[in-house]
Number of protein chains: 2
Amino acid sequence: MGDVRPDDAVESHATSVLARFLVESRPEDIPAEVRHEAARAILNWTGCAVGGAGHETIDHTLAAFGPFGGPAQASLFGRSERTDALNAALINGISSHLLDFDDTHARAIHPSAPVLPALFAYSEWQAICGRDLVHAFVLGVEAECRVGLSVYPEHHDLGWHITGTAGVFGATAAIGKLIGLTTQQMTWALGIAAAQAAGLQVMFGSMCKSLHAGRAAQNGLSAALLAKQDFTSSERGIEGARGFGEVYSTRFDPSVITEGLGTRYELSLNMYKPYACGLVVHAVIDGCLALREQYGLQPEEIEAIELAVSPRTMELTSNKEPRTGLEGRFSVFHVAAAALIFGAVGEAQFTDASVLDARAVALRRRISTTVDPQLLRTQASVSMRLKDGRAVTHHVEHALGTLGRPMRDADLEAKFFGLTEETLGAEQARSLAGLCWSIETLTDAGALARMAARRA
Amino acid sequence: MGDVRPDDAVESHATSVLARFLVESRPEDIPAEVRHEAARAILNWTGCAVGGAGHETIDHTLAAFGPFGGPAQASLFGRSERTDALNAALINGISSHLLDFDDTHARAIHPSAPVLPALFAYSEWQAICGRDLVHAFVLGVEAECRVGLSVYPEHHDLGWHITGTAGVFGATAAIGKLIGLTTQQMTWALGIAAAQAAGLQVMFGSMCKSLHAGRAAQNGLSAALLAKQDFTSSERGIEGARGFGEVYSTRFDPSVITEGLGTRYELSLNMYKPYACGLVVHAVIDGCLALREQYGLQPEEIEAIELAVSPRTMELTSNKEPRTGLEGRFSVFHVAAAALIFGAVGEAQFTDASVLDARAVALRRRISTTVDPQLLRTQASVSMRLKDGRAVTHHVEHALGTLGRPMRDADLEAKFFGLTEETLGAEQARSLAGLCWSIETLTDAGALARMAARRA
């Protein structure tokens, strides 16, 4: 297909190999446990989207783009407005990522936030069944994780926000599958995705972090729709010279994209967060909560706290004096203080008021950190010196929600209700959970999106 | 403003320094010759947008996005459809860049295609006067060129398409000026631009190349509108750790952004193309046309052609056997053959049929190339051995349209009519040219956009 193909190795045309796999995959190829993981991911993502929908980030976005919106084709999760499918993909992408409560692939990306908003927006515009949506979702996650991992970790270390940069490939693949692109069109679609990939870590702590996820969803939907009309792209958008792999990273391994396609599914490695902030601080929270409970600690009893954390943890969350709720999510100091003061790290601990709470400010100043290169980003040790002279410590080997200690279905449902009941009411939230669990049996997947809308 | 500011040097907060300059600039600060250059650029860009509007790339884009379009707020140059301002910015951005006939800053970017589509789309949605549009345009070009040059040439050499990646800052700055952002908001807007910057050279020769310009215009318009609603971003989106400068290049010099703001204007270094393809092959075309005319050459008389070109020329246009019109634009072999066979290199020479023309195919095979590192990308030498034994040669020191041999206003107008008369008719084209030249006197700049629409 491409006009520059040095040899016939699969790696030398990774984009079209991936495209062919996506086009040829059949729903019955997806193992039952992967399909169940899809339902778990849909439940978790839906809760996050509804829970985030009331944030001022969404108000600002709607105010900015409202005058340009098209036909009311799709629901906004957790809100009463409706808008066109492209805008809905953007808005639901932003709302589902802004609490930093959405899922995390075991090695890198937040897989659902770029993909599901595109799928649900599409599902209300053109009726599709739940089984096809699940299939497309599994494939979208497969594409974005493989593309992301082909440049990982160097891509991340350069400062890219991989949920934005790789996420757009996920939305593209998912929608491309749904609308029946040919292999040629899917190859173009993946290239059109590469032409729009963006997202920078400097944005963490600002509203732009979730904009990355929203744009990934919207631009991926766009890419698939353009390719369906034979809008052309490079046929080697990922692996070609001056293509995604070469430009977005110092190392690119195309075999990560092409090897073992269909023999395993990246969605199997999905993880869910019990706390509304980056995975890299979860082990610290687990440790603080464990010590608080074990010793019945009050913050006033604590003289000093020493956190041993992974290098990645300090790299991303070293802000010792956060000033806003958003900044608080990126402060290992704040999450530790919040866990010890409030006994919980949910949305309530990431309001501006909680971050500026005098007890939190005071306790943060008694925290010091050590980077231990031996620790994974999901591990930590928390040690304290108490005012009565005791020294207590707790090591966390597997943060809650990681593959070593996953959240159970019931845990996910409890998290879901915590995120949705206030906005939707208990009854509607229960109906919505039911639709998430039974997604594969729905003849009209759009029913889930409509149930996720707040009744005006 | 920023929470990480190692020192008070201007370079350590380039984003907010640029933002302040943009906010504080007054129309009367812009020298008359720069304002005249703005009118030349607007004339040239308008011609390109009208001329490109009939291309199938636009048909495909409209087919893909039509179902999602909002209110009919803005005109599509060279077409009869109307759409919402965000979509119009995208479409007019694509149509104005797809012929590769738009302007070129002397050192890097194509400055108008990302900026003017956003301004004209906005001008029909909210009435603005021509003087304000020109002022905003000059500032948009200033911002995109400075941001682009701060990472240049390494950014280009890595494989980025700078018209996409830097262009989004131009549209952001221009619209941000027009809608009266505060310095804080403009700082955020430039960050939101960074969060969306994209475009890859692997796409050259496909429809995605012009998509980069369209998305830059649309995303820049979006960034300014979001910032107006206090949508936040990093306050150091360009110069911060893991920000644009660090991530998009191996070298970043923030002083290129901050030094001499307001004392000179990058638009003064703007160049216009006599030929509908990349600047890097123009000197070759000049040389071929000169020899053809001087010796009255017919293609059959030529035994062999030797082109001495710059390294950049070979890097971007080494495709010896193009198969489509788009690929032909990126083939120094095709443009040389077209110049010699047809005596012109306009749109007609970049149809698929012209590229596959048997005489062109045959003549291309008689061309060889040498890279001469001493040559600039706007220089070339053309040598031929004729069948009668003669050897002829022509060296081009300054390609037509470059700063050393600029196109005159009358040349630009002739090019404009060549691009617009077929679509709009001679009378409307003449009216449109008049509005371009008198842009600064218009009380309603949107009148120009409406005059550029094809009457249904």
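The values are calculated or read from the model by the stated rules, or taken from the named source; none is laboratory data. Note that the coordinates shown come from a computational prediction; the quantities given were computed from them, not determined experimentally. FYI the Cβ positions are ideal-geometry reconstructions off the backbone, even for glycines, and counts take in every protein chain you see.
What do you reckon, is A:Val202 free of Cβ contacts under 8 Å to residues at least 24 places away in the same chain, aliphatic (A, V, I, L, M) and at the interface with another protein chain (Cβ under 8 Å from one of its Cβ atoms)? When the stated conditions are applied, A:Val202 does not pass them. Taken as a whole, the condition of being among the hydrophobic types (A, V, I, L, M, F, W, C), within 16 Å of B:Arg215 (Cα to Cα) and assigned to a loop (DSSP other than H, G, I, E, B) applies to A:Phe231. Pairs are defined by a Cβ separation below 8 Å, a sequence spacing of at least 6 or placement on different chains, a first member in the stretch B:365-387 that is within 17 Å of B:Pro311 (Cβ to Cβ) and assigned by TED's automatic domain parsing to the domain that holds B:Tyr295, and a second member that is among the charged types (D, E, K, R) and surrounded by fewer than 18 Cβ atoms within 10 Å (Cβ to Cβ); the pairs so defined are B:Ser368/B:Glu306; B:Thr369/B:Glu306; B:Thr370/B:Glu306; B:Gln379/B:Glu397; B:Ser381/B:Asp372.
Can you tell me which residue within the stretch A:325-337, out of those that are in contact (Cβ under 8 Å) with a residue 40 or more places away in the chain and away from every other protein chain (no Cβ under 14 Å), is surrounded by the fewest Cβ atoms within 10 Å (Cβ to Cβ)? Looking at residues that are in contact (Cβ under 8 Å) with a residue 40 or more places away in the chain and away from every other protein chain (no Cβ under 14 Å), I get A:Val332. Within the stretch A:77-91, residues that are at positive phi have Cβ atoms under 8 Å from residues that are in a helix (DSSP H, G or I) in these pairs: A:Gly78/A:Ala49; A:Gly78/A:Val50; A:Gly78/A:Gly51; A:Gly78/A:Gly52; A:Gly78/A:Ser95; A:Gly78/A:Thr420; A:Gly78/A:Thr423; A:Gly78/A:Leu424, counting only partners at least 6 apart in sequence or on another chain.
Across the stretch A:175-198, the number of residues qualifying as within 12 Å of chain B (Cβ to nearest Cβ), polar (S, T, N, Q) and over 16 Å from B:Ser206 (Cβ atoms) comes to 0.
Looking only at residues in the stretch B:39-92 that are aromatic (Phe, Trp, Tyr) and within 10 Å of chain A (Cβ to nearest Cβ), the one that is surrounded by the fewest Cβ atoms within 10 Å (Cβ to Cβ) is B:Phe65. Taken as a whole, the structure leaves A:Ala113 outside the set of residues that are buried (at least 24 other Cβ atoms within 10 Å of the Cβ), among the small types (Gly, Ala, Ser) and within 13 Å of chain B (Cβ to nearest Cβ).
Restricting attention to the stretch B:345-360 and to residues that are modelled with pLDDT of 90 or more and among the aliphatic types (A, V, I, L, M), the residue that is farthest from B:Glu321 (Cα to Cα) turns out to be B:Val345. Considering only the stretch B:85-95, I want to know if a residue exists there that is under 26 Å from A:Gly69 (Cα atoms), in contact with an Asp or Glu (Cβ under 8 Å, 6 or more places away or on another chain) and among the polar types (S, T, N, Q). Scanning the stretch B:85-95, I find no residue that is under 26 Å from A:Gly69 (Cα atoms), in contact with an Asp or Glu (Cβ under 8 Å, 6 or more places away or on another chain) and among the polar types (S, T, N, Q), so the answer is no. Taking the conditions exactly as written (in a loop (DSSP other than H, G, I, E, B), modelled with pLDDT under 95 and not assigned by TED's automatic domain parsing to the domain that holds A:Arg329), does A:Ala197 satisfy them or not? For A:Ala197, the condition - in a loop (DSSP other than H, G, I, E, B), modelled with pLDDT under 95 and not assigned by TED's automatic domain parsing to the domain that holds A:Arg329 - is not met.
Could you run through the stretch A:118-139 and say how many residues are modelled with pLDDT of 95 or more and away from chain B (no Cβ under 14 Å)? Residues meeting the conditions: 15. Somewhere in the stretch B:239-256, is a residue within 14 Å of chain A (Cβ to nearest Cβ), polar (S, T, N, Q) and within 30 Å of A:His155 (Cα to Cα)? Within the stretch B:239-256, one or more residues are within 14 Å of chain A (Cβ to nearest Cβ), polar (S, T, N, Q) and within 30 Å of A:His155 (Cα to Cα). The C-beta contact set for the stretch A:6-28 (first residue among the hydroxyl-bearing types (Ser, Thr, Tyr), second residue at pLDDT 95 or above and part of a helix (DSSP H, G or I), distance under 7 angstrom, 6+ apart or interchain) comprises A:Thr15/A:Thr187; A:Thr15/A:Leu190; A:Thr15/A:Gly191; A:Ser16/A:Thr183; A:Ser16/A:Thr187; A:Ser25/A:Leu139.
Here A:Gly278 fits the description: surrounded by fewer than 24 Cβ atoms within 10 Å (Cβ to Cβ) and within 16 Å of the chain's Cα centre (by Cα). I'd like the full set of residues that are hydrophobic (A, V, I, L, M, F, W, C), within 7 Å of another protein chain (Cβ to nearest Cβ) and under 21 Å from B:Val23 (Cα atoms), limited to the stretch B:205-238. Within the stretch B:205-238, B:Leu225, B:Leu226, B:Phe231 meet the criteria. Of the numbered criteria (1) surrounded by fewer than 24 Cβ atoms within 10 Å (Cβ to Cβ); (2) within 11 Å of another protein chain (Cβ to nearest Cβ); (3) out of contact with any strand residue (DSSP E or B) (no Cβ under 8 Å at 6 or more places or on another chain), the one A:Ala108 fails is (2). Hey, does the stretch B:94-103 have a residue that's surrounded by fewer than 24 Cβ atoms within 10 Å (Cβ to Cβ), more than 15 Å from the chain's Cα centre (by Cα) and in contact (Cβ under 8 Å) with a residue 40 or more places away in the chain? No: the stretch B:94-103 contains no residue that is surrounded by fewer than 24 Cβ atoms within 10 Å (Cβ to Cβ), more than 15 Å from the chain's Cα centre (by Cα) and in contact (Cβ under 8 Å) with a residue 40 or more places away in the chain. Taking the criterion of being among the polar types (S, T, N, Q) and either in contact with a His (Cβ under 9 Å, 6 or more places away or on another chain) or closer than 23 Å to B:Ala304 by Cβ (or both), would at least one residue in the stretch B:396-407 satisfy it? Looking for residues that are among the polar types (S, T, N, Q) and either in contact with a His (Cβ under 9 Å, 6 or more places away or on another chain) or closer than 23 Å to B:Ala304 by Cβ (or both), one finds at least one in the stretch B:396-407, hence yes. Taken as a whole, the stretch A:155-174 holds no residue that is polar (S, T, N, Q), facing chain B (nearest Cβ under 7 Å) and under 22 Å from B:Asn87 (Cβ atoms). Of the residues screened, A:Leu269 is one that is surrounded by fewer than 20 Cβ atoms within 10 Å (Cβ to Cβ), more than 14 Å from chain B (Cβ to nearest Cβ), under 30 Å from A:Gly52 (Cβ atoms) and out of contact with any Pro (no Cβ under 8 Å at 6 or more places or on another chain).
Of all residues in the stretch A:154-169, one or more are part of a loop (DSSP other than H, G, I, E, B), crowded, with 24+ Cβ neighbours inside 10 Å and in contact (Cβ under 8 Å) with a residue 40 or more places away in the chain. Cβ separations smaller than 8 Å between residues 6+ apart or across chains give the following pairs from the stretch A:220-243 residues that are crowded, with 24+ Cβ neighbours inside 10 Å to residues that are at pLDDT 95 or above and acidic (Asp, Glu): A:Gly240/A:Glu246. Look at (1) in contact (Cβ under 8 Å) with a residue 60 or more places away in the chain; (2) part of a loop (DSSP other than H, G, I, E, B); (3) of a type outside the set (A, V, I, L, M) and you find that A:Thr187 fails only one, number (2).
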